[in-house]
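Report on the structure given below.
The values are calculated or read from the model by the stated rules, or taken from the named source; none is laboratory data. Keep in mind the model is a prediction, meaning the values are calculated, not measured. Quick reminder, even Gly has a Cβ in these numbers, built from the backbone with ideal geometry, and neighbours come from all protein chains shown.
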Amino acid sequence: MATETIYITGTAMWAKLFERNRDRGSYHEDTDGITCVDLILEKEELDKLKASGSQLKPRVTDEGLVIKFKRPWVHSSISEFGGMAQVVDKDGNDWDDSVSIGNGSILEVAVDVYDTQKGKGTRLTGVKVLEHVEFEGDGEPYQPRLPL
């Protein structure tokens, strides 16, 4: 299985990169959740991702072209492919996982692009925080409104 690591830089939205804030939605029950980040990408960065053969497709939003990079908390067959991706600051020092990464932070993500039976898979392996924006929120997890 050939694997290539590529580095993509973009603006973070909805960074859920730590055990305490991983996405544990019902659609991720089989992996005990995922760590993930949505990145707003410039065209050049999206072109790098496409050139790697990655099958990830951007969403078009008011902010721009967005790709969700993710990693399962528990991988179905290879334990080192699950869990938290390494997160570091701009100098390569381990990030304090009690400090959330807010929308608007500039990140460089390392992603592995690898062969699967269905084409190229993509897995988040690392995050470097180049410019940190403090998380602004009340600390309470998001709860969707229920219809009345």
(request) Specify which of the listed residues (I40, I34) is free of Cβ contacts under 8 Å to residues at least 40 places away in the same chain, surrounded by 18 or more Cβ atoms within 10 Å (Cβ to Cβ) and under 15 Å from G83 (Cβ atoms). (result) I34
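Looking at segment 44-148, what strands (runs of 3 or more DSSP E) fall wholly within it and have at least 3 residues that are at pLDDT 90 or above, over 21 Å from E19 (Cβ atoms) and touching a Pro at 6+ places or on another chain (Cβ under 7 Å)?
Details: elements: 65-72, 86-89, 106-116, 119-131.
The strands (runs of 3 or more DSSP E) meeting that bar are 65-72.
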